[in-house]
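In what follows, a single structure is set out as structure tokens and then discussed.
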Amino acid sequence: MSHQRPLRRLADGYRRVVSFHDALFVAPWRAGLERESRRQEELLVTLVFLEALGVENPAGYYTLELYPELAERFHAWHQDAGMRRAPEPGVCC
Amino acid sequence: MPAIVVALTVLAVFALAYRFYAPYVAEKVYGLDPDFVTPAHEFEDGVDYLPTNKHVLFGHHFTSVAGAAPILGPAIAVFWGWGPALAWIVLGTVFAAGVHDFGAIVVSVRNKGKSIGTLSSDVINGRARTLFLLIIFFLLTLVNAVFAWVIGNLFANNPGAVIPIFFEIPLAIGIGQYIYRTRKAALIPSIVGVVLLYLMIPVGQAFATPVDAGATAVASALSLEVRTLWILIVFAYAFIACRLPVWVLLQPRDFINSHQLFIALAVIFGGVAIGGFVMEAPLVNSAMPEGSPGIFPFLFITIACGAVSGFHSLVSSGTTAKQLDRDTDAKYVGVMGTMGEGALATASVIAVAAGIGGAAAFSERYADYGAASAGGLGYFTEGVGRFASSFGVSAELGAIFAAVVVISFAATTMDTGVRLQRYVVQEIAELVNVKPLARSLWGSTIVAVLVPLGLSLVPGGDERGLAFGRLWRLFGTTNQLTAGLALAVIAVWVARRRRNPTAVMAPLVFLLVMTTYALFIQLGEFAADSDWLLFGLDLAIFVLAVWLIVEAGLALYRAYQDRAGEGVVGAADTPRADQRDADRR
């Protein structure tokens, strides 16, 4: 039993090093990845909801069926963009 | 004097400054408030706005601001002797950079994490935004030009670094893909990646001669200097790299670089501690040839990064401020970040001044400013090689290691610089109504590459780096002007809050005097040499400097008038309830 304690301490120490390394070196990079993926998603949401934003959408006929799928994300998007309510009533809030 | 004594003295001064001066700035000048809700909490989104532990945030900030510039500037400035170079590094770090970086974080935190460019418009006026854009355009052009020259020069003089540096590209992409796809902890892949990179150093050394012969053959077939060939290759790389998404190459490279930064610092300071090296360069160089640039003002622009750098305000306000957990953490992150950079600059001074083989070796290396400019980085890599030999590694391998570190930093800076420059070009094209350029990423990328490429080819021929030295000084001037703009924003913000802005005003005035004085002297030099390209560049930057002085002066005058109108002049440092409320806003 007694020899397990140093091993556990060693394992805990290693986990702490891994976690510190992750926070110090990897976190900014993961944030970059998240930022990139968020940008792509926002582009998709903006394109799908172009008409809700008052811009004519030539692909509107096809993207209409994506409205229910993306409505929640559109809600989050317009709130992030500083619009408390959706510009087009009836799209989400 | 033993180099270790110099290193410990600098670190001791930094510790004293952190203990006594930084709290004064935090409390009396910026009025930090532990209860202030930072943007990281107010707008937390898990990506940009994210409350982060202050030690971790210091790591992010330090690795973002440290690069090749705080190594190169001090290595050149030892031309005036290691004493003046070190004195400016220490005083600049404590009284200018500490206040500047720290202040940029605080002002940004109090303004929803806005960047310094936006803040210049909000705090000073709309014209300041255009001024900021133009200063950044010149800064990025000069950054890309000097770093391309630096990389080309290092490749030409250290062909052993070519293979490791080119190996780093697929290595970075591979590590990036591994971590991205597996989402596992990155410690082991990082160690493996860095070990693999450094295993390439002996390989690079073994193939140095054929690589050099190949480069020489291609260069002579194209009637180019070897350095010019490498500069062209570096810009081709930057053109391709900046078209890739950041997470494919730039970020994994940056990730490897941040490991290299700490390894390099450990090798230098560890080597100095173990090796018992002595400072052999003169404390003050009294044997400078006639016509050499004077300490006043040129020392203060030759060392920009490492003493005070305007580039830091972009990182402080754009990124760090959005992750600050508590308002009071700004002191630790901002001041310690600058001191980390000051330590790197100190390491550079020690590397070129300690154990070099006596005063005669110094006189030969630093025969004139041109030789110092062209050779500075080479002397640094040799110095690191000497320090690495304290650990039993051959000095030659150690020098290649240092070259790999510096080239990695410089290449990443260039990649980022060209990326940013594209947007600046597009924004300026929009301002002057050149729509095709404003709407074309290809067009703006070509401009962002061709303009610095043209400049970096100026220092060719047999001028022994004289023209490079001039470019470097222009880069330093533009960097200091960026710092001046940030300090002006901070000073106005402090003055409006009825606090005493002397701690901010003093470095602001000093930097503006030194930069305009240097630009003025150089105008005469360039005109005398009929160097009309650099004359035009210098004149443009001079106009920006005068413009900045006028805008900063007017903004401060208005801020003081507002204070006088409110009848609170003289109550600068009196804690008041309404002042606390104003601060919280």
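Within the stretch B:49-65, identify whether any single residue is on the phi > 0 side of the Ramachandran plot, without any contact (Cβ under 8 Å) to a residue 40 or more places away in the chain and at the interface with another protein chain (Cβ under 10 Å from one of its Cβ atoms), and answer yes or no.
Checked the stretch B:49-65: no residue is on the phi > 0 side of the Ramachandran plot, without any contact (Cβ under 8 Å) to a residue 40 or more places away in the chain and at the interface with another protein chain (Cβ under 10 Å from one of its Cβ atoms).
Quick check on my filter: what residues within the stretch B:235-282 are assigned to a helix (DSSP H, G or I), within 14 Å of another protein chain (Cβ to nearest Cβ) and β-branched (Val, Ile, Thr)?
Correct list: B:ILE256, B:ILE263.
May I ask you to list the residues in the stretch B:171-195 that are of a type in the set (A, V, I, L, M, F, W, C), in contact with a Pro (Cβ under 9 Å, 6 or more places away or on another chain) and buried (at least 17 other Cβ atoms within 10 Å of the Cβ)?
Matches in the stretch B:171-195: B:LEU171, B:ALA172, B:ILE175, B:ILE179.
For the stretch B:84-92, does any single residue satisfy the condition of being β-branched (Val, Ile, Thr), closer than 25 Å to B:PHE362 by Cα and open to solvent by 10 Å² or more (accessible area, probe 1.4 Å)?
yes
Among the residues of the stretch B:180-195, which ones are assigned to a helix (DSSP H, G or I), without any contact (Cβ under 8 Å) to a residue 24 or more places away in the chain and either within 14 Å of chain A (Cβ to nearest Cβ) or of a type in the set (Lys, Arg) (or both)?
Correct list: B:ARG181, B:THR182, B:LEU187, B:ILE188, B:PRO189, B:ILE191, B:VAL192.
When the residues of the stretch B:313-334 are narrowed to those that are among the β-branched types (Val, Ile, Thr) and open to solvent by 10 Å² or more (accessible area, probe 1.4 Å), which ends up modelled with the highest pLDDT?
That would be B:THR328.
Scan (1) of a type outside the set (Gly, Ala, Ser); (2) in contact (Cβ under 8 Å) with a residue 60 or more places away in the chain; (3) over 19 Å from B:ILE231 (Cβ atoms) for the single condition B:VAL393 breaks and write down its number.
Unmet condition: (2).
Filter the stretch A:83-93 for residues that are surrounded by 12 or more Cβ atoms within 10 Å (Cβ to Cβ) and either in contact with a Leu (Cβ under 7 Å, 6 or more places away or on another chain) or on the phi > 0 side of the Ramachandran plot (or both) and give the result.
If the condition is that a residue be surrounded by 12 or more Cβ atoms within 10 Å (Cβ to Cβ) and either in contact with a Leu (Cβ under 7 Å, 6 or more places away or on another chain) or on the phi > 0 side of the Ramachandran plot (or both), then A:PRO87 is the only one that fits.
I'm trying to understand the selection: among the residues of the stretch B:124-140, which are of a type outside the set (D, E, K, R), over 16 Å from B:LEU314 (Cα atoms) and touching a residue at least 24 places away in the same chain (Cβ under 8 Å)?
B:ILE124, B:ASN125 - these are the residues of the stretch B:124-140 that are of a type outside the set (D, E, K, R), over 16 Å from B:LEU314 (Cα atoms) and touching a residue at least 24 places away in the same chain (Cβ under 8 Å).
Suppose the filter is assigned to a helix (DSSP H, G or I), among the aromatic types (Phe, Trp, Tyr), away from chain A (no Cβ under 14 Å) and open to solvent by 20 Å² or more (accessible area, probe 1.4 Å); does B:TYR198 pass it?
In short, yes.
Answer yes if at least one residue in the stretch B:442-462 is at pLDDT below 90, on the phi > 0 side of the Ramachandran plot and surrounded by fewer than 24 Cβ atoms within 10 Å (Cβ to Cβ), and no otherwise.
The answer is yes; a qualifying residue exists.
Only one of these is within 20 Å of B:ALA345 (Cβ to Cβ), over 25 Å from the mean Cα position of the chain (by Cα) and open to solvent by less than 30 Å² (accessible area, probe 1.4 Å): B:ASN257, B:ASN285. Name it.
B:ASN285
Please go through (1) of a type outside the set (Asp, Glu); (2) assigned to a loop (DSSP other than H, G, I, E, B); (3) surrounded by fewer than 19 Cβ atoms within 10 Å (Cβ to Cβ) for B:ILE356 and return the number of the only condition it doesn't satisfy.
Result: B:ILE356 passes all but (3).
Pull up the stretch B:156-170, narrow it to residues that are buried (at least 20 other Cβ atoms within 10 Å of the Cβ) and closer than 11 Å to B:SER408 by Cβ, then point me to the one that is nearest to the other protein chains (Cβ to nearest Cβ).
Filtering first and then ranking leaves B:GLU168.
What pairs come out if I take residues in the stretch B:507-528 that are within 15 Å of B:ALA540 (Cα to Cα) and pair them with residues that are among the basic types (Lys, Arg) whose C-beta lies under 9 Å away, six or more apart or interchain?
Filtered contacts from the stretch B:507-528: B:ALA518/B:ARG473; B:GLN522/B:ARG470; B:GLN522/B:ARG473; B:PHE526/B:ARG470.
The values are calculated or read from the model by the stated rules, or taken from the named source; none is laboratory data. Remember, it's a predicted structure, so these values are computed and weren't measured experimentally. Ideal geometry is used to build each Cβ from the backbone, glycine not excepted, and the neighbour counts take in all protein chains shown. The accessibility values were calculated without ligands, DNA or RNA, using every heavy atom of the protein model including side chains. Shrake-Rupley method; radii C 1.70, N 1.55, O 1.52, S 1.80 Å.
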